[in-house]
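Input: a single structure, listed below in structure tokens.
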Amino acid sequence: MTDTPVIGVLALQGDVREHLIALASADALARPVRRPEELAEVDGLVIPGGESTTMSKLAVLFGMMEPLRERVAAGLPVYGTCAGMILLADKILDPRAGQETVGGIDMIVRRNAFGRQNESFEAAVDVDGVPGGPVEGVFIRAPWVESVGARAEVLAVHGGHIVAVRQGNVMATSFHPELTGDHRVHAFFTDMVRAVG
Ligand code: GLN
């Protein structure tokens, strides 16, 4: 890998475009990923925000669920925001019928934990490892992490609830840093991808 890693954004559903822009400004070569052949070519992957049940069903439908699980198990760096966090949880507290996860982080997430769409909010969040002070977190029907297992590391807490987690090469945030124009979290992830490469 060169200094410019190729980072895919899972483009089945959700705010794909915003992540592509954020990654490009964090000096990654960003591209949408829809098919297993495209997944095979990336050095890292972002799973965007959106609707986790829909995304999970589309991942099964597009034949992506197993390839995603295999690459995560093989050490692919992955970053999930909001619905993406839910997809990366080993367990969902309140899954909808047919909702599966890719898994990768030993944690239990609670969907829509911070309330409904009209209870969305922004808050300054200190994320371990991200320099330059707190980031502005956008929380939209956001999940929180109910509990983490021994292998997962808590990176941020808001209002007493875990909102950012990392386990090995996999990280997840409840909030959407891609919507703020501040791309430090994407730069942090891009550095993680470089370190693995
Ligand atoms: N609440 C949504 C879900 O369950 C996630 C919302 C989001 O990604 N902004 O998938």
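Anything in the stretch 72-106 that is closer than 19 Å to VAL165 by Cβ and of a type in the set (Lys, Arg)? List them, or say none. If the condition is that a residue be closer than 19 Å to VAL165 by Cβ and of a type in the set (Lys, Arg), then LYS91 is the only one that fits. All conditions but one from (1) acidic (Asp, Glu); (2) at pLDDT 95 or above; (3) closer than 19 Å to ALA142 by Cα apply to ASP43; the one that does not is (3). Selection of the stretch 98-128 for residues being assigned to a loop (DSSP other than H, G, I, E, B), away from the ligand (no atom under 12 Å from the Cβ) and either β-branched (Val, Ile, Thr) or within 14 Å of the chain's Cα centre (by Cα) (or both) yields VAL102, GLY103, GLY104, VAL127. Pairing residues of the stretch 168-185 that are farther than 15 Å from GLY84 by Cα with residues that are buried (at least 24 other Cβ atoms within 10 Å of the Cβ), at Cβ distances under 6 Å and at least 6 apart in sequence or on separate chains, gives HIS183/ALA22. Of the residues in the stretch 1-33, how many are at pLDDT 95 or above and farther than 22 Å from THR173 by Cα? Here the count works out to 0. If I ask for residues that are among the small types (Gly, Ala, Ser) and touching a Leu at 6+ places or on another chain (Cβ under 6 Å), which ones from the stretch 60-94 would you list? The answer is GLY80, and nothing else.
Would you be able to say whether some residue in the stretch 138-149 is away from the ligand (no atom under 11 Å from the Cβ), farther than 25 Å from LEU179 by Cα, hydroxyl-bearing (Ser, Thr, Tyr) and modelled with pLDDT of 95 or more? Taking every residue of the stretch 138-149 in turn, at least one turns out to be away from the ligand (no atom under 11 Å from the Cβ), farther than 25 Å from LEU179 by Cα, hydroxyl-bearing (Ser, Thr, Tyr) and modelled with pLDDT of 95 or more. Within the stretch 154-184, the set of residues being more than 27 Å from THR53 (Cβ to Cβ) and either basic (Lys, Arg) or out of contact with any helix residue (DSSP H, G or I) (no Cβ under 8 Å at 6 or more places or on another chain) (or both) comprises GLY181, ASP182, ARG184.
The values are calculated or read from the model by the stated rules, or taken from the named source; none is laboratory data. These numbers come from a predicted model, not from an experiment. Because the Cβ atoms are built from the backbone with ideal geometry, glycine has one as well, and the counts that use them run over all protein chains shown.
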